[in-house]
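Everything on this sheet refers to the single structure shown next.
The values are calculated or read from the model by the stated rules, or taken from the named source; none is laboratory data. Bear in mind that the values here come from a model prediction, so they are computed numbers and not experimental data. Heads up, the Cβs are rebuilt from the backbone with ideal geometry, glycines too, and the neighbour counts pull from every protein chain shown.
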Amino acid sequence: MAAERTAATRRVVEKTKSDERGLELLAKMLEIRGVEDEVQRMFTQGLVRGTTHLCQGQEAVAVGVCATLKQGDSMTCTYRGHGAVLAMGAQADAVFGEIMGKAKGLCGGKGGSMHLTDVAVGAYGAFAIVGAHLPITVGLAFASRYLGDDGVSVCFFGDGTTNIGAFHEALNLASLWKTPAIFVCENNLYGEYSPLRTTTPIERLADRAASYGMPGVVVDGNDVFAVIDTAEEAVARARAGEGPTLIEALTYRQVGHSRSDPAKYRPPGELEEWLARDPIVLLERKLAEDVTDPARIAELKEQVRQAVLEALERAKSWPDPELDARFANVLA
Ligand SMILES: Cc1ncc(C[n+]2csc(CCOP(=O)(O)OP(=O)(O)O)c2C)c(N)n1
Ligand SMILES: [Mg+2]
């Protein structure tokens, strides 16, 4: 009887724990979606000049992978990196502030949308040059191994990036030196306006791992729990000194490549198919099926929406950098 009661208590505790975990993941994905929608609006309202690259539809990859990391791990990402930086724990107001060029932005307003960096949370840079950050990730991972600090280094990049020299050089060296690196390819089917099949002779990008003697794993990038399982294995391998892993996360960018791209090149029906597999909808459905009270999901959505809007208003109210500060750390 006592054993039964203990088992029942354990089930309740586990259920609550998984409920809380699921809601935490959902909150982070909703925050990223909310920030991206607001950034889109800021650019169309002319509050920010230049361009931006948004990640609506890809939130489960960033959130799932970063959920497996701990303090002291590092992450690099691309110009489509707002989600990854938020998933590492950067504050939404500092992200908005950076995009608007404010002094209290993540990089003092000098980096903008494509260069969100927050070393305090392990976000070691967003890079606009395709492939540039893969060798940097190898360096970060090597540093962890050299210093024996148990850290791993994650690198997010796109499908198109697997055709660039730096990808091959980085994977080669990362594997040769058994660095604790995790290469996460977000296969969203397009590199700018080109469908993957018109630029790449193979369909499964994870196959490229074989050339470098590391595991290549394919995962449903819209299923946050699948992403977590896959990333956990790669992280464990890396921490155990067994070397890097290439993860190919299958996902879709629901918006154009950049601000000015209406994405007319997509075949009819493709967007709709992927919207039906929106990572946030999938997670909400799963939580509702499993354990969570639907009212809690609705409440959470409203809380996150309010928090994003408040972060935006805060960032808007911040001052621009002082004149002197604009020339500090500028090498020209
Ligand atoms: C070295 C280099 N070449 C070309 C570009 C122009 N460019 C910017 S994004 C991009 C496509 C990259 O596609 P992918 O790796 O699939 O990433 P996604 O944008 O889909 O996230 C290209 C070619 C660049 N920024 N850097
Ligand atoms: Mg792509």
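Could you please let me know if GLY160 is touching a Leu at 6+ places or on another chain (Cβ under 9 Å) and within 12 Å of ligand 2 (Cβ to nearest atom)? Steps first, please.
Working: touching a Leu at 6+ places or on another chain (Cβ under 9 Å): yes; within 12 Å of ligand 2 (Cβ to nearest atom): yes.
Answer is yes for this residue.
Tell me whether the range 129-148 contains one or more residues that are in contact with a Lys or Arg (Cβ under 8 Å, 6 or more places away or on another chain) and within 26 Å of PRO267 (Cα to Cα). Don't jump to the end; show me each part of the working.
Narrowing the range 129-148 to residues in contact with a Lys or Arg (Cβ under 8 Å, 6 or more places away or on another chain): 145.
Remaining after also requiring within 26 Å of PRO267 (Cα to Cα): none.
No, every residue in the range 129-148 fails to be in contact with a Lys or Arg (Cβ under 8 Å, 6 or more places away or on another chain) and within 26 Å of PRO267 (Cα to Cα).
Go through the residues of the range 219-230 one by one and say whether even a single one is charged (D, E, K, R) and part of a loop (DSSP other than H, G, I, E, B).
yes
State the number of residues belonging to the range 92-142 that are touching a residue at least 60 places away in the same chain (Cβ under 8 Å) and of a type in the set (Asp, Glu).
Selection size over the range 92-142: 1.
Tell me which residues, restricted to the range 53-84, are in a loop (DSSP other than H, G, I, E, B), of a type outside the set (D, E, K, R) and more than 16 Å from ligand 2 (Cβ to nearest atom). Before you say what the answer is, go through the steps one by one.
The initial filter retains those residues of the range 53-84 that are in a loop (DSSP other than H, G, I, E, B), namely 53-58, 67-73, 79-81.
Adding the requirement that they be of a type outside the set (D, E, K, R) leaves 53-58, 67-69, 71-72, 79, 81.
Those that are in a loop (DSSP other than H, G, I, E, B), of a type outside the set (D, E, K, R) and more than 16 Å from ligand 2 (Cβ to nearest atom): ALA67, THR68, LEU69, GLN71, GLY72.
Only one of these conditions is not met by ALA234: (1) modelled with pLDDT of 95 or more; (2) farther than 28 Å from GLY72 by Cα; (3) crowded, with 18+ Cβ neighbours inside 10 Å. Which number is it?
With (1) modelled with pLDDT of 95 or more; (2) farther than 28 Å from GLY72 by Cα; (3) crowded, with 18+ Cβ neighbours inside 10 Å applied to ALA234, the lone miss is (2).
Filtering the range 166-190 down to residues that are within 16 Å of ligand 1 (Cβ to nearest atom) and free of Cβ contacts under 8 Å to residues at least 60 places away in the same chain, which residue is surrounded by the most Cβ atoms within 10 Å (Cβ to Cβ)?
From the range 166-190, those within 16 Å of ligand 1 (Cβ to nearest atom) are 166-171, 183-190; that's our starting set.
Still in the list and also free of Cβ contacts under 8 Å to residues at least 60 places away in the same chain: 166-170.
Working: ALA166: 18, PHE167: 24, HIS168: 16, GLU169: 14, ALA170: 28.
Among residues in the range 166-190 that are within 16 Å of ligand 1 (Cβ to nearest atom) and free of Cβ contacts under 8 Å to residues at least 60 places away in the same chain, the one surrounded by the most Cβ atoms within 10 Å (Cβ to Cβ) is ALA170.
Can you tell me which residue is surrounded by the fewest Cβ atoms within 10 Å (Cβ to Cβ) among those in the range 246-270 that are away from ligand 2 (no atom under 12 Å from the Cβ) and not in a loop (DSSP other than H, G, I, E, B)?
GLU270
For the range 164-217, give me each residue that is more than 13 Å from ligand 2 (Cβ to nearest atom), within 21 Å of the chain's Cα centre (by Cα) and among the charged types (D, E, K, R).
Selection gives ARG204 alone.
Which residues, taken from the range 191-211, are within 14 Å of ligand 1 (Cβ to nearest atom), in contact with a His (Cβ under 9 Å, 6 or more places away or on another chain) and among the hydroxyl-bearing types (Ser, Thr, Tyr)?
Once the filter is applied, which keeps residues that are within 14 Å of ligand 1 (Cβ to nearest atom), in contact with a His (Cβ under 9 Å, 6 or more places away or on another chain) and among the hydroxyl-bearing types (Ser, Thr, Tyr), the range 191-211 yields only TYR193.
Taking ALA7, is it away from ligand 2 (no atom under 16 Å from the Cβ), at pLDDT below 95, hydrophobic (A, V, I, L, M, F, W, C) and in a helix (DSSP H, G or I)? Reasoning before the result, please.
On the way: away from ligand 2 (no atom under 16 Å from the Cβ): yes; at pLDDT below 95: yes; hydrophobic (A, V, I, L, M, F, W, C): yes; in a helix (DSSP H, G or I): yes.
It is true that ALA7 is away from ligand 2 (no atom under 16 Å from the Cβ), at pLDDT below 95, hydrophobic (A, V, I, L, M, F, W, C) and in a helix (DSSP H, G or I).
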